[in-house]
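Input: a single structure, listed below in structure tokens.
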Amino acid sequence: MRGGVIAIDGPSASGKSSTARAVAESLGFAHLDSGSLYRGVTLVALREAARQGQTTGNPLAAVDPETILRAAEDRGLMLQPDGAGFTAYLEGEPVGSAIRGAEVTANVSAVSAVPVVREWINSRLRALVRAGRDVVVDGRDIGTVVFPDADLKIFLTATPEARAGRRISQRGKRVDPERLEAETAALAARDHADSTRPVAPLRRPEDAIALDTTSMGFSEQVRFIIELARPIFGNA
Ligand code: CDP
């Protein structure tokens, strides 16, 4: 029997991961951040490309996807139980900030458009749910492709400027007009790549509840989802 599933999808910097983590903690579920695995595979791809002498740009120009996935397995890229949720590990250590760098962010959309990469990650996410854990999973295709029978589906959005402002603040920087313009453009490029790829594009699942968080506080959006979840999971 599979565990309960809450799917949270949405564009970059819509607050999916932090919201998913807080909802999971409150309900006693485990949080699965699918983006951390896409970022982990991209980090492995960049390291493999560097071994081939290509130190910048799309790693797929230097290494084929099968080699990347073999390296990911050899180096133990996986989600491991860690407190209330799961954390991406690589070479026996939590990957931490290594997957949040500019180089990974610039190349993750290209790597995640590759079908075998998606299959590799999806099979890992599904295995964790088959093991019976109740989970909150966040990503781009969780409610459409990975868990189309999720018990509750949320689609988080916010205006591009609000999302860009949050991402800049997360980095501890001041939100000035120049940074806001550059970050809004970077997010728009990634949203475009994620929404227009042929395999598992970012889109709102028809049966998802849309939540625009542009003018919502963080605790308000977390509470909103928990209120939706309680009647579904009863004792949660
Ligand atoms: O945190 P942020 O919104 O920047 O992104 P993320 O959730 O860490 O995901 C990074 C990238 O991984 C996205 O831009 C997508 O290209 C890809 N991704 C995906 O294709 N499918 C998912 N389920 C999750 C992430």
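The values are calculated or read from the model by the stated rules, or taken from the named source; none is laboratory data. Please read these numbers as outputs of a predicted model, since none were measured by experiment. So basically every Cβ, Gly included, is an ideal-geometry build from the backbone, and we count neighbours across all protein chains shown.
Residue count for the stretch 115-142, restricted to those that are touching a residue at least 60 places away in the same chain (Cβ under 8 Å) and within 10 Å of the ligand (Cβ to nearest atom): 10.
So for the stretch 4-16 (the condition being buried (at least 18 other Cβ atoms within 10 Å of the Cβ), assigned to a helix (DSSP H, G or I) and at pLDDT 95 or above), does at least one residue qualify? No: zero hits. What do you reckon, is Ser26 polar (S, T, N, Q), out of contact with any strand residue (DSSP E or B) (no Cβ under 8 Å at 6 or more places or on another chain) and exposed (fewer than 15 other Cβ atoms within 10 Å of the Cβ)? So Ser26 does not fit the description; no. Among residues of the stretch 198-210 that are assigned by TED's automatic domain parsing to the domain that holds Pro11 and in a loop (DSSP other than H, G, I, E, B), those with a Cβ under 7 angstrom from a residue that is more than 12 Å from the ligand (Cβ to nearest atom) and of a type in the set (D, E, K, R), sequence gap 6+ or separate chain, pair up as Pro205/Lys153; Asp207/Lys153; Ala208/Lys153. Within the stretch 9-30, residues that are touching a residue at least 24 places away in the same chain (Cβ under 8 Å) and farther than 20 Å from Thr105 by Cα reach partners that are basic (Lys, Arg) and not in a helix (DSSP H, G or I) with beta carbons closer than 6 Å, at six or more positions or on different chains, in the pairs Ala30/Arg133.
One residue alone among Ala102, Ala72, Ala110 is touching a residue at least 12 places away in the same chain (Cβ under 8 Å), within 14 Å of the ligand (Cβ to nearest atom) and small (Gly, Ala, Ser), and that residue is Ala110.
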